[in-house]
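The values are calculated or read from the model by the stated rules, or taken from the named source; none is laboratory data. Predicted, not measured: the structure shown is a model, and the values here were computed from it. Don't worry about glycine lacking a Cβ; one is built from the backbone with ideal geometry, like all the others, and counts go over all protein chains shown.
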Amino acid sequence: MREERGSATIVGCFLMAALVVVTATLVHVGSAVASRHRAQAAADLAALAVAVALDRGSEQACGQAERIATRMRVRVRACTVDGWDAIVEVAAEVTTALPGAGEAVAIARAGPAG
């Protein structure tokens, strides 16, 4: 007859390890989603700021996007003006303990209603 004492401890350890992996995955996904929402909010706000400032020239208007992005802890990847429309692309770093998290990217367009 085989001795099976202690097998519950081993099973318990595997279950705890699985729980830690699931928790870490959920934290990582949650951080990525939060970064994506922050990037989209920053892109929306920056595009509106650029559209409002277009009467001062596209270079000064895109400077407004940089100011907004800096305050919202994102980076402007592109700021273009197409007529009276402003298109802003930003990137927010995904902050997690896991390596290779990457960035969340968002694009927004703003201009006169019409």
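One table, with the values for the structure above:
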| item | result |
| --- | --- |
| Residue selected from the range 1-51 under the condition small (Gly, Ala, Ser) and touching a Ser or Thr at 6+ places or on another chain (Cβ under 8 Å), by the criterion farthest from residue 89 (Cα to Cα) | 31 |
| Residues (free of Cβ contacts under 8 Å to residues at least 40 places away in the same chain and surrounded by 11 or more Cβ atoms within 10 Å (Cβ to Cβ)) located in the range 14-27 | 25 |
| Filter pass, residue 81 being in contact with a strand residue (DSSP E or B) (Cβ under 8 Å, 6 or more places away or on another chain) and either surrounded by fewer than 19 Cβ atoms within 10 Å (Cβ to Cβ) or not β-branched (Val, Ile, Thr) (or both) | yes |
| Residue count for the range 68-98, restricted to those that are closer than 27 Å to residue 30 by Cα, of a type outside the set (S, T, N, Q) and not in a strand (DSSP E or B) | 9 |
| Scope the range 1-53; condition among the acidic types (Asp, Glu) and in a helix (DSSP H, G or I); matching residues | 44 |
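Every residue, every condition in (1) surrounded by fewer than 17 Cβ atoms within 10 Å (Cβ to Cβ); (2) modelled with pLDDT of 90 or more; (3) among the charged types (D, E, K, R), yes or no:
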{"site": "2", "(1), (2), (3)": "yes, no, yes"}
{"site": "12", "(1), (2), (3)": "yes, yes, no"}
{"site": "29", "(1), (2), (3)": "yes, no, no"}
{"site": "50", "(1), (2), (3)": "no, yes, no"}
{"site": "55", "(1), (2), (3)": "yes, no, yes"}
{"site": "64", "(1), (2), (3)": "no, yes, no"}
{"site": "74", "(1), (2), (3)": "no, yes, no"}
{"site": "77", "(1), (2), (3)": "yes, yes, yes"}
